[in-house]
Each structure stands twice: as C-alpha cells, then as structure tokens.
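Since every read-out is calculated from the coordinates, none of them should be taken as a lab result. Source: prediction; values computed, not measured. Every residue, glycine as well, gets a Cβ built from its backbone with ideal geometry; the counts of neighbours run over all protein chains shown.
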Amino acid sequence: MSALFRASNPRSLWGCTEPRVSKRWIIFVKILSITGGAGRMYCGSCMRDNNLAAELIAQGHDVILLPLYTPTRTDEPNVSQPRVFFGGISIYLEQKLGLFRWTPKFLDRLWDRPSVINAFAGRGVEVAPAQLGAMTVSMLEGRDGRQRKEVDNLVRWLRSEPAPDVVTLPYTLLIALAKPIKQAIGRPVICTLQGEELFLEGLPEPYKSRSLDLIRRQINEVDAFIAVSHYEGRFMANYFGIPPSKIHTVPLGISLQGHGPATAKPDVFTIGYLARIAPEKGLHLFAEAYIEFRKRSPPARLQAAGYLAPENRKYLASVEERLRQAGMIEEFKYWGEVDRDAKIRFLQQLHVFSLPATYDEPKGIPVIEAMANGIPVVQPRRGAFPELVEANGGGLLVDPDSPVALADAWRSLRDDPALASELGSKGAAAVPAQFSLVTMARRALEVYGRQSAVLAGIAAGHN
C-alpha cells in the first residue's frame, strides 16, 4: 500500500494530508460525507455522521462533511462545513412557488446563509404532513423534481473540486443524488441506513407509496449500503428489496471521553430516560411503568431528558398529568434538552436506564451512552436493542409495550444491587471494544475500500 497524495487547490475544501510515520504503509482516503441537518434539534443521524467524520479526520483522512437543509447540531465538536446545500428555505420556496425554481444565485445566497436558515429553524414551525409528503416525493425525483436547481448546484460544485474516493449519503431519502453524483465524478456512492423507515411510515398516502417506489427504483444506483445495526440491515433488505450482499453493518460508535461509572450515586433509587420527547420514544410507557413500579416499591425518582419539539409539548403535558393523577408528579423531573456535559451528569446519577420505544428502533445511541457510564439498561426486546444488550450483558430485555414487564425488571435491579452492579460493569467494559469511534471508523473504511477502485488498485499493487 502507499499513501495517496493530491495536488492542492486554493479553492478546494480539501486539505493536504501528510502521512503519519508507521511501520506499515497507509492509504489516506478522501471522503465526501453528505449529512442532513435537523435545525436546532440534536439528531442521532447527524451525531453519528459527525462522529464518524471526526474520527476519520483524526486518523489522517481527508473528509468533507457537507450539510444539507440546515447546519447540523451535535453535542461533540462539529466538523461539518459552514456551507449548506439544499438550504431548507430554498427547497421550501421551490416546492411552493415555481418562481423560486429559477431565481439567480445572488438571490439564493440571501436565504441560503446558515445564519438565516438557523433563524427560521429556531422558530419551530410545524410542517403539514401533506406538504412534507409532497416535498419528500419531489426530493426523491431528483432532477425531475422541483428542487432540480439544487441538484445542479451540488453537481457543479462537485465538478469544481478534486474528486473524492467515495461519497456517502446519510439515508435513502437522498438516494436521488446517487446517479448525478456518479455521472459527475465517476466515484462510488455509499448510502447509510439509519432509521428513515420511521419517517416514511409516517407519511400520508399517496406520498408514502410513491416515496417507497422511488427509493426502490434507485437502489441499483448505490454501490453499497451501510446499516447502523444488524437489525436495520435485515429490515431494510426486505423493506426496500436491497440485495443482502450490498448491505454491510457498521455499528455505532461514541466518543468515550468523559464517560465512565460515577463514584457515588444518590441515595434514592433513580430511573432515567434520555431521548426525544415523543410518543414513538415511549415516555408515556416509561411513566406507566413507574406507576406500576410504585405499587410495590417506596418512592423513587423518575428522570427524563431530551429535545422537546413544539408539537410534542401537549404530549409531555399529558404524561405529567398522568403522573399527577397517580400522586407521583413530585417524583418526576424533566431536565429539558441537555448538552454533552449535562448528558453525562444526567446518566451518571441513574441507577437504571430505559428507553421503551414503541417501534423497532434501529440505533439506540442513548442505550450505548448509558452503558458507557456503567448504568444497567432495561430495554424492550425489539429493533436493535437485543444486539446492543446481548452483545455484552449490560442489561435486561423485557417484552415490548409492557409497563408491567418494565416495572418488574426495575424492581429486580433495585432489590438486587449486586446484579445491577454486575450488569453495569459488563456494559461499561464492553462499550470501548464494541461501540468506540475507532471501531466504527475501521469498519466503515473496510466498506469504502471494497467499493473504491482507486483504493483497491493501490492495495493490489502493493500486495
């Protein structure tokens, strides 16, 4: 193998990478990673894309993390570019009004500036499902959709830059970019599978059926798919009709800095939830399980943290009202949205963690983070949770959608501190090996190397 060197371009976003000294030859990969911004919300997909890019950069690879829609928000140092393609305001205007599909660049720049996009995203405006569905279909139509100008802008920029070895897409909702990217630069395109099925299943008809059809028609435009869990890989193979041979599992990784078992715990047994405050994440089941738990247990503490969208404020209020009616509202605390430091403090004061999602969750980042802090987890036996828990013995699995089963498991850990300590220790010991950024980056690079003719040719020439 040999290091890859590329001529510098003063207008290019690519840096010039010097090879690190090693007894082995190293191939430095040039990667264009496209990620989808989620406005002011901490987004699991954004955080995964950012963490992977940051680790690859730390290893010496050239990576451009390019946001679409809005700037990204992460709880780790953000390595994404300040420029945003497919600006959220632009694609909305192009969807609604034909005039904006032909506006000149100098006008588009006015509302494509990250500061302007963030200002509008911060207002928390709800989008009607029918409009969301229409825009999803239009985006999946690519150059045949209403955002053709945005596709052309991206392709024009790609042609002005040195070609990367591989291009990655964050999810199949952007699969329509695969063909124009490959036509423009002739490089493989890899698409991540990380939970977009929840969004697609929530679309109203006829947008749901049309979206699924458009994605399935474009599967062959993608060279490989990366699933964030074995569950997600199996599900997506059936959902979209992707050949299993094209799907490669690259488990999630987290930065371990700051994580670790706390030296002391509160005297009162504390149960925690960390995720978006939304029905599909199961906060209502969390509250019902606590009410069941308290039927045979003394008062404890119920703690929740996570992003609350404007449309879910009534949902949180309904959960609080249920606890109030049960006489337990004083035992509940909502921490609000937490940054990285506050998140670690939140987790380290727990005795047990649960995220009782009502759907087959494909990622489960908060579960990994809880285990990294030595917290035993109790999770429903669905989605990716079994592989996260069974891989290391860091918790217990219970029947899905069952507050009674959840409460019984919490009670067993409260009554058996030795068991809780054993499970917590197993999880804390396993996370660095199974869910570290280094492991995620290594496995991602293996997939990139299989798809890149440039890398494969260099490797073959030095074997």
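Structure notes:
- For q = 0.12, 0.17 Å⁻¹, Debye-computed log10 I/I(0) when each Cα of the stretch 167-303 counts as one equal scatterer: -0.69, -0.98
- Nearby aspartates and glutamates by direct alpha-carbon distance to K208 (threshold 13 angstrom, same-chain neighbours under 8 apart not counted): E196, E197
- √(5λ) per eigenvalue of the Cα gyration tensor, the stretch 252-348, largest first, Å: 23, 19, 10
- Point-charge dipole on Cβ atoms (K/R +1, D/E -1) for the stretch 270-435, about Cα centre, debye to 20: 320
- Subtracting the Cα-Cα distance of E161 and R345 from their residue separation scaled by 0.36 nm leaves 61.9 nm.
- Anchor K246: aspartates and glutamates whose Cα lies under 12 Å away (excluding residues fewer than 8 positions away in-chain): E221, D223
- Secondary structure note: in the stretch 288-434, about 0% of the DSSP beta bridges are antiparallel.
- Protection proxy ranking of 218-229, 335-346, 145-156 - average other beta-carbon atoms within 10 Å, highest first: 218-229, 145-156, 335-346
- When the stretch 299-435 is described by a simple charge dipole with +1 on each Lys and Arg Cβ and -1 on each Asp and Glu Cβ, the residue from V431, A418, G306 located farthest towards its positive end is G306.
- Spin-label pair A58-E387: with each label point 7 Å from Cα along the Cα-Cβ axis, the two points sit 2.4 nm from one another.
- Taking the empirical scaling 2.2 N^0.38 Å for compact globular proteins as reference, the stretch 143-219 has a Cα radius of gyration ratio of 1.19.
- Estimated translational D of the stretch 270-435 in µm²/s (Stokes, Kirkwood radius over Cα pairs; 20 °C; 1.002 mPa s): 138
- Footprinting exposure proxy ranking of H351, H248, fewest other C-beta atoms within 10 angstrom first, gives H248, H351.
- Rg in Å to one decimal, and Dmax rounded to a whole Å, for the stretch 325-365 via C-alpha atoms: 13.2, 35
- Value of relative contact order over the stretch 214-363, rounded to a whole percent, pairs C-alpha under 8 Å and six or more apart: 30
- Checking the cross-link pairs K30/K179; K149/K363; K96/K281; K96/K363 against a 23 Å limit on the alpha carbon distance flags K149/K363; K96/K281; K96/K363 as lying beyond it.
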